[in-house]
Amino acid sequence: MNSPDTLAWLHPGRVARLEAALARRILVIDGAMGTMIQRHELQESDYRGQRFSEGFDALFAADGHAHGPGCGCEAHDQRGNNDLLTLTRPGLIRDIHAAYLAAGADLVETNTFNSTAISLADYHLQHLVRELNREGAKLARAACDAAEARTPDQPRFVIGVLGPTSRTASLSPDVNRPGFRATSFDELAAAYREAAAGLIEGGADAIMVETIFDTLNAKAALFAIDDAFAAAGGRLPVLISGTITDASGRTLSGQTAEAFWYSLRHARPLSVGLNCALGARDLRAHIDVLARVADVNISTHPNAGLPNAFGGYDETPEDMARDLREFAEAGLLNLVGGCCGTTPEHIAAIAEAVRGLPPRVPPRLEAAA
Ligand SMILES: [Zn+2]
Ligand SMILES: [Zn+2]
């Protein structure tokens, strides 16, 4: 495939506005989608809607098969398939985007965290990858356009999200078979290629490879994104966000924040950062390292603390705003937002806390080699 470096921006005007905004201030990313969906206590029938009411896609069948009474197709539970709500409850997803934009978010993330063939296989809906990513990006785009029309001096951007999938390419899930892998680079790349194509088609302004716990998975995603850009004949800014999964300060595949950056910097992303897993305070030291070594923008979107005994999150908007304001005062931030457990109230408090504080100026580093 072509090197994406030779490709022009797909939406040069949008990129110029994004870069101008980043140079001027700390930009705010939205908060959790799942936390907001949970508040609605949706049932199986809500997830299925009309189209999936039988537990499979009424609009899709294998060649020669016609769905009908007694057609023999197996029903699969869809409760918890949050990305499917983009198709079955689009108003609900658009309202969540709108709530974050009203709270002050400059960028919203698409409802596509699990919209890869690997993750959708859990629900027997692998054929929906392209559609879910395209429609997810369109919904976010529509919400951003509406917000931007109200506040023309504050451009709003759609981040097309690629999640990590539930599989790791560099580790075995089976302690008795260390050589076993539940997925491969090629399988992941194919899955991400299709997802990225949908996000581009739906009008995403940027693509974020998010919640990276395995750097090899991320490499597959970045490789696939380049392919998707080549196929689209243009590129979008790419954002990279890893996750530190334990007290040793490493990703699941064993890297420190510094090693993580050096493994992925060849992709020349618009930003690198960390999200999820930990609260802001526990991310502080790792963001500090990234801010020193990375010559690109830094992003941070932590959870609202560590999960409590009930799987909930306890940090209040005030807690997070106080902690993240200190990050900003220390000159560590270009993009800030929230992950699991955060709500529009959290994002409003964070936006208020960093308002007027200058964005970090990425260091100009000597070329290493
Ligand atoms: Zn059937
Ligand atoms: Zn999270």
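The values are calculated or read from the model by the stated rules, or taken from the named source; none is laboratory data. What you are looking at is a predicted structure, and each value in this text was computed from that prediction instead of being measured. Every residue, glycine as well, gets a Cβ built from its backbone with ideal geometry; the counts of neighbours run over all protein chains shown. What goes into the accessible areas is simple: the full protein's heavy atoms, side chains included, and nothing from ligands, DNA or RNA. Shrake-Rupley method; radii C 1.70, N 1.55, O 1.52, S 1.80 Å.
Some observations on this one:
- GLY279 being at positive phi and without any contact (Cβ under 8 Å) to a residue 60 or more places away in the chain: no
- Boolean, LEU199 is open to solvent by 10 Å² or more (accessible area, probe 1.4 Å) and either part of a helix (DSSP H, G or I) or out of contact with any strand residue (DSSP E or B) (no Cβ under 9 Å at 6 or more places or on another chain) (or both): no
- Hits in the stretch 201-211 (condition: modelled with pLDDT of 95 or more and over 15 Å from HIS266 (Cα atoms)): GLU201, GLY202, GLY203, ALA204, ASP205, ALA206, ILE207, MET208, GLU210
- Of everything listed in (1) surrounded by 15 or more Cβ atoms within 10 Å (Cβ to Cβ); (2) within 16 Å of ligand 1 (Cβ to nearest atom); (3) on the phi < 0 side of the Ramachandran plot, the single unmet condition for GLY55 is (3).
- When THR35, THR86 are checked against the criterion of being open to solvent by 20 Å² or more (accessible area, probe 1.4 Å) and under 22 Å from ILE159 (Cα atoms), a single residue qualifies: THR35.
- When we screen HIS67, HIS76 for residues that are within 16 Å of ligand 1 (Cβ to nearest atom) and open to solvent by less than 40 Å² (accessible area, probe 1.4 Å), the only hit is HIS76.
- Restricting attention to the stretch 212-252 and to residues that are open to solvent by 50 Å² or more (accessible area, probe 1.4 Å) and within 16 Å of ligand 2 (Cβ to nearest atom), the residue that is modelled with the lowest pLDDT turns out to be ASP246.
- Enumeration of residues in the stretch 288-313 that are touching a residue at least 24 places away in the same chain (Cβ under 8 Å) and open to solvent by 10 Å² or more (accessible area, probe 1.4 Å): ASP288, VAL289, ALA291, ARG292, VAL293, ASP295, VAL296, ASN297, LEU306, PRO307, GLY312, TYR313
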